[in-house]
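Participant: Take a look at this one; I'll ask things after.
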Amino acid sequence: MAGSALSPTKGRCRRRGDEVPEKYLYKRCDSEDVPLMETPVIDLGLLLSSSSPSIRQEETDKLQSALSTWGCFQLINHGMTSSFLDETREVATQFFGLPPAEKRRYSRTEFEGYGHDEKDNWNDRLQLTVYPQHRRQLQYWPENPQKFSEILDKFGEMSVKIVEVLLKAMATSLGLEENSFLSKYGEEGLMLARFNYYPKCPTPHQVLGLRPHSDGTAITILLQDKEVEGLQVKKDDQWFRVPVIPHALFINVGDLMEIMSNGIFKSAVHKVTTNSAKDRMSVAVLCICDPHKEVGPATELITGGRPRRYKTVKDYGKLFFLLDPTGEIRPIDTVKI
Ligand code: OGA
Ligand code: NI
């Protein structure tokens, strides 16, 4: 599918006189009256606090509670400065602002590169493997803007550290040995950066930027647009708007973590709305367990009161992308016992 179909400057919708192609139309998805989520805020520094075990414990408990109710939280004090986050947003916005022909130089193969989301979402994206490093396909890394690769490299490196701290804290919060989850992520954990661009849309009530889905990840690290809201999370059948906290990273648990925690942590179902006034961007860093490792619920979390809820999976990412993550049946439902 042509990557330029949703180009912000030459959108097909505008050429056709504000008419949105039918395939994008979704059941009414009015976003009015959707309450704002009181997102739990977790301070990474406190999770690491060595001077005060009680502060560390308190933050770890908060993390556990956030993940067993919402499946997500806002992370602050994560080591990336606000100016670095702004720079990242800037290079992403600059890339999507390039002329369509230039962006098409990076047109995707099956997985890697630039293109329009294939599931009729109002979304242009650039997806790049960041780790393992030897799997990087640098021909898809934009040369323009010039700083793009350097920034993505740094963003990836810092994300690895965040994954490490969070996976350890998540295991500890459930009374597990601290490397329990991290060892499944492994040295060869897959980290993909997905740059999302959601052009403004003339009929936002009928069109979604991303249809409801959960991620096939252990965790996802999301850098949101600094100003434009759009992400919503579902909890107990009710949608909530995720507030923009410019200096925070939004973290959500994905299906693999729900499996490893035997269902204690919730893989948050989320979607992205569109709006008629402003384009929106985001960067999702998808952190996926090593595809060669068998991943199942931690044995300590299988008890009389909580029997094993999921089968053991291997290369869940493959299964995930073969099924339609935004379809009626969630991929995780196929591995439930
Ligand atoms: C995703 C995703 C949310 C956003 O890329 O899987 O859910 O705000 N992105 O763009
Ligand atoms: Ni997602």
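Participant: Does the range 32-98 classify as rounded, prolate or oblate by the C-alpha gyration tensor (a ≥ b ≥ c root eigenvalues; a/c under 1.5 gives rounded; else a/b over b/c gives prolate, otherwise oblate)?
Facilitator: Oblate, because a/c is 1.5 or more while a/b does not exceed b/c.
Participant: Of all the C-alpha pairs in the range 167-222, what % are more than 15 Å from each other?
Facilitator: Of all Cα-Cα distances in the range 167-222, 66 percent exceed 15 Å.
Participant: Continuing with the same structure: Arrange the peptides 307-315, 123-131 so that the one whose residues have, on average, the most other Cβ atoms within 10 Å appears first.
Facilitator: Per-residue Cβ counts within 10 Å, averaged per peptide and sorted highest first, yield 123-131, 307-315.
Participant: By its C-alpha gyration tensor, with a ≥ b ≥ c as the square roots of the eigenvalues, how is the range 95-237 shaped: rounded for a/c under 1.5, else prolate for a/b larger than b/c, else oblate?
Facilitator: It comes out oblate by the Cα gyration axes.
Participant: From the backbone phi of the range 288-298, what are the Karplus-calculated ³J(HN,Hα) couplings (6.51 cos²θ - 1.76 cosθ + 1.60, θ = phi - 60°) in whole Hz, Gly and Pro given as x?
Facilitator: 10, 4, 3, x, 8, 9, 7, 10, x, x, 4
Participant: Now for a different question. Determine the equivalent ellipsoid of the range 195-257 by diagonalising the alpha-carbon gyration tensor, then write out the semi-axes as square roots of 5 times the eigenvalues, largest first, rounded to whole Å.
Facilitator: Equivalent-ellipsoid dimensions as semi-axes: 20, 16, 12 Å.
Participant: Suppose the chain between SER83 and GLU22 were pulled fully straight at 0.36 nm per residue; how much longer would it get relative to their current alpha carbon spacing?
Facilitator: So the chain would gain 17.9 nm between SER83 and GLU22.
Participant: Pulled fully out, how much extra length does the chain show between GLN133 and GLN238, if you take 0.36 nm times their separation in residues and subtract their Cα-Cα distance?
Facilitator: 33.8 nm
Participant: From the P(r) of the range 140-185, can you give the percent of Cα pairs sitting at distances over 13 Å?
Facilitator: It works out to 61 percent of all Cα pairs.
Participant: Suppose a student asked you for the relative contact order of the range 226-337, using Cα pairs under 8 Å spaced at least 6 residues apart; what percent would you report?
Facilitator: The normalised contact order for the range 226-337 reaches 22 percent.
Participant: In debye, nearest 20: dipole of the range 165-210 around its Cα centre with unit charges on the Cβ of K, R (+) and D, E (-)?
Facilitator: Roughly 340 debye, rounded to the nearest 20.
Participant: Over the chain, consider all pairs of different Cα atoms and compute the Kirkwood hydrodynamic radius from their mean reciprocal separation; express it in Å, one decimal.
Facilitator: About 20.4 Å, per the Kirkwood formula over Cα pairs.
Participant: Short version: what are the Cα gyration tensor semi-axes of the range 74-137, square root of 5 times each eigenvalue, largest first, in whole Å?
Facilitator: Those come to 24, 16, 13 Å.
Participant: Principal axis extents for the range 283-337, Cα atoms only, whole Å, descending order, please.
Facilitator: Here the Cα extents, ordered largest to smallest, are 38, 26, 21 Å.
Participant: How large is Rg over Rh for the range 178-337, taking Rg from the Cα atoms and Rh as the Kirkwood inverse mean of 1/r across Cα pairs?
Facilitator: 0.99
Participant: Quickly estimate the mean residue ellipticity at 222 nm for the chain, helices only: each DSSP H run with n ≥ 4 gives -39500 (n - 2.57), and the total goes over all residues, rounded to 500.
Facilitator: Estimated from H runs of four or more residues: -7500 deg cm²/dmol.
Participant: Same structure again: How big is the equivalent ellipsoid of the range 60-167 along its three axes, where each semi-axis is √(5λ) from the Cα gyration tensor, reported in whole Å from largest to smallest?
Facilitator: 28, 17, 14
Participant: Let me ask something else. Given the whole protein assembly as supplied and a 1.4 Å probe, what does the accessible area of ILE245 come to in Å², nearest 10?
Facilitator: 50 Å²
Participant: If you don't mind, there's one more thing I want to ask. Using the Karplus equation 6.51 cos²θ - 1.76 cosθ + 1.60 (θ = phi - 60°), what ³J(HN,Hα) coupling, rounded to whole Hz, does each residue of the range 308-318 give in order, writing x for Gly and Pro?
Facilitator: 4, 9, 9, 6, 7, 10, 9, 6, 4, x, 5
Participant: Okay, moving on. Per residue of the range 178-184, in order, report the coupling 6.51 cos²θ - 1.76 cosθ + 1.60 (Karplus, θ = phi - 60°) as ³J(HN,Hα) in whole Hz, putting x for Gly and Pro.
Facilitator: Rounded to whole hertz, the list is 4, 8, 3, 7, 4, 5, 7.
Participant: Please list the non-local residues whose amide H lies under 5 Å from the amide H of TRP70, H modeled 1.01 Å from N, same-chain partners needing a gap of 5 or more.
Facilitator: none
Participant: Between SER52 and GLU177, what's the calculated FRET efficiency when r is the beta-carbon distance and R0 is 35 Å? Round to 0.05.
Facilitator: It comes to 0.95.
Participant: May I ask for the angle, rounded to the nearest 10°, between helix 82-96 and the longest principal axis of the chain, with both axes built from Cα atoms and the value confined to 0 to 90°?
Facilitator: Its long axis makes an angle of about 40 degrees.
The values are calculated or read from the model by the stated rules, or taken from the named source; none is laboratory data. Treat the numbers as computed from the prediction; the structure is a model and nothing was measured. Heads up, the Cβs are rebuilt from the backbone with ideal geometry, glycines too, and the neighbour counts pull from every protein chain shown. Note: accessible area is taken over every heavy atom of the protein model, side chains too, but ligands, DNA and RNA are not part of it. Shrake-Rupley method; radii C 1.70, N 1.55, O 1.52, S 1.80 Å.
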